[in-house]
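Q: Got a structure for you, questions after.
The values are calculated or read from the model by the stated rules, or taken from the named source; none is laboratory data. Everything numeric in this text was worked out from a predicted model, so none of it was measured. Reconstructed Cβ throughout: ideal geometry from the backbone, glycine too, with neighbour counts over all protein chains shown.
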Amino acid sequence: MKILVTGGAGFIGSNFISYWLNKYPTDSIVNLDVLTYAGNLENLRQVENNKNYKFVKGDICDVALINELVQDINLIVHFAAESHVDRSIIDSSDFIRTNVEGTRILLDAAKNNGKIRFHHISTDEVFGSLGLNDPAFNETTAYDPRSPYSASKAASDHLARAYYHTHNLPITISNCSNNYGPYQFPEKIIPLFITNLLENKKVPVYGQGKDIRDWIYVDDHNRGVDLIIQKGKIGETYCLGGNSELTNLELTKKILKLMDQSEDMIEYATDRLGHDLRYAMDYSKAKSELGWEPAVNFDTGLKNTLKWYKNNQEWWKKIKS
C-alpha cells in the first residue's frame, strides 16, 4: 500500500510513520509537512533512510502539489492541523486556513483522483465540555466546540462526513483524547512540565488545576488508527480514549513526584479563556467492532515519557531555545 501522511513531522504523525513502517515494512509512505514550529524532521531520524519513506516539504493548502502527490496513493491519513488552543485564542486565522480549507483541498483531491481511502484524525474537543458527572463522549455526542481550535476541527469533521454522503468518498474519522509520549512539542502540558523541571523552572498550572483530561499514550492512539484503517466501517467515526481521567493538578503532582520535586514548583497562572472543564471518551464502539482498547497504563506511559525527555535533552532544548 502507498500512503500519504499529512503532518507526519509533528508529534502524533511522526510516531505513526515509525509505527506503520515497523509493522508494515513493504508499504511506502510519503510524508507531507510544511514544517511549522511544531514540525521537526529529527522526529523521523530512524526512518529517513528507509527506501519506502519519502519526505515532501509542502502545504496542504497547495492544490497543485496535493493533486500531484495523490497520484498512485491508496490511502491518505490526515494528521496535519494547527492544534494548540492557546494559539487559536490569540489568532484563529491559521487554524481556519489549515484545519478547514486544507482538509477540503485534501478531500477534493481524494475525490477527484479515484476516490482514495481517507482517514481523518480529530479530537475529543469538538464535543465541548463535560460536567463532573456527565457520561463520557461517544460517537453520537452532539458537537459543541468551545475554542477556535476545536471549532476548526469540528468543521473539518463535518466536511469529511459530507464528502462521504455527497460523493461516496471512503472516509473514516477518529476522535481521540489528549495524547502524550515521545516527540511531543513542549508547549503541551506534559512535556512542558517535564522539561521545565529538568531546567529547574516552575510549572504553570491554569486556575486551580481542576480541569479534567483523559490521557492516551501515542502508540495506543496509532494502533487504534491502524485498526480503523484495516477493519473500520466506511463512513463511521470511532472514539479512542485512554481510560485515564486526571485533573491538571493531579497530573502535575504525578510529574512532580516522579521527578522528586516539591509542590513549591507549582506556579498558578490566570485561567485560560473559555477553559473546558472535562473531557472523557467512551471507546466501547472501538472495543466491540475493532477489538481495540488502550494497552499502556498511564503511570507506565508517563514514566516512559519522562525517561525519553531525560534522555533526549538536545532535542527539546533546541526547540525551547
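Q: How many residues, within region 147-176, are surrounded by fewer than 20 Cβ atoms within 10 Å (Cβ to Cβ) and among the basic types (Lys, Arg)?
A: 1
Q: Could you pull out every one of the helices (runs of 4 or more DSSP H) wholly within region 237-312 that has 2 or more residues that are of a type outside the set (A, V, I, L, M) and in contact with an Asp or Glu (Cβ under 8 Å, 6 or more places away or on another chain)? Steps first, please.
A: On the way: elements: 248-258, 284-290, 298-311.
Per the criteria, 248-258, 284-290.
Q: Inside region 53-77, can you point out the residues that are buried (at least 16 other Cβ atoms within 10 Å of the Cβ) and not aliphatic (A, V, I, L, M)?
A: Scanning region 53-77 gives TYR53, PHE55, GLY58, ASP59, CYS61.
Q: For region 158-186, enumerate the residues that are without any contact (Cβ under 8 Å) to a residue 60 or more places away in the chain and in a helix (DSSP H, G or I).
A: Those that are without any contact (Cβ under 8 Å) to a residue 60 or more places away in the chain and in a helix (DSSP H, G or I): HIS158, LEU159, ALA160, ALA162, TYR163, THR166, HIS167.
Q: Now for a different question. Just wondering, is there one or more residues in region 263-275 that are hydroxyl-bearing (Ser, Thr, Tyr), over 21 Å from the mean Cα position of the chain (by Cα) and within 18 Å of LYS188 (Cα to Cα)?
A: Yes.
Q: Here is a further query. Could you identify the single residue in ALA142, ALA81 that is part of a loop (DSSP other than H, G, I, E, B) and under 20 Å from ILE189 (Cβ atoms)?
A: Only one candidate passes the filter, namely ALA81.
For every residue, the table says whether it meets (1) over 18 Å from TRP316 (Cα atoms); (2) surrounded by 19 or more Cβ atoms within 10 Å (Cβ to Cβ).
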site	(1), (2)
LYS202	no, no
ILE216	yes, yes
LEU227	yes, no
GLU236	yes, no
SER244	yes, yes
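Q: Restricting to region 38-78, name every residue that is under 23 Å from LYS320 (Cα atoms) and in a loop (DSSP other than H, G, I, E, B).
A: Of everything in region 38-78, those that are under 23 Å from LYS320 (Cα atoms) and in a loop (DSSP other than H, G, I, E, B) turn out to be ALA38, GLY39, ASN40, ARG45, GLN46.
Q: Could you figure out which of (1) closer than 18 Å to LEU4 by Cα; (2) in a helix (DSSP H, G or I); (3) within 22 Å of the chain's Cα centre (by Cα) isn't true of PHE118?
A: Condition (2) is where PHE118 drops out.
Q: Within region 250-261, take every residue that is aliphatic (A, V, I, L, M) and crowded, with 19+ Cβ neighbours inside 10 Å and give me the one that is nearest to PHE118 (Cα to Cα).
A: Residues of region 250-261 that are aliphatic (A, V, I, L, M), as a first pass: 251, 255-256, 258-259.
Of the ones still in play, those that are also crowded, with 19+ Cβ neighbours inside 10 Å are 251, 255.
On the way: LEU251: 35, ILE255: 37 Å.
Ranking the qualifying residues of region 250-261, first place goes to LEU251.
Q: Next question. Taking only region 117-146 into account, find how many residues are buried (at least 21 other Cβ atoms within 10 Å of the Cβ), in contact with a helix residue (DSSP H, G or I) (Cβ under 8 Å, 6 or more places away or on another chain) and of a type in the set (A, V, I, L, M, F, W, C).
A: Residues that pass the stated criteria total 4.
Q: If you don't mind, there's one more thing I want to ask. Please work out if ILE90 is farther than 21 Å from GLN184 by Cα and at pLDDT below 95.
A: Against the criterion (farther than 21 Å from GLN184 by Cα and at pLDDT below 95), ILE90 qualifies.
Q: For region 277-321, which positions are of a type outside the set (Val, Ile, Thr), in contact with a strand residue (DSSP E or B) (Cβ under 9 Å, 6 or more places away or on another chain) and within 25 Å of TYR206 (Cβ to Cβ)?
A: If the condition is that a residue be of a type outside the set (Val, Ile, Thr), in contact with a strand residue (DSSP E or B) (Cβ under 9 Å, 6 or more places away or on another chain) and within 25 Å of TYR206 (Cβ to Cβ), then LEU277, ARG278, TYR279, ALA280, MET281, PHE298, GLY301, LEU302 are the ones that fit.
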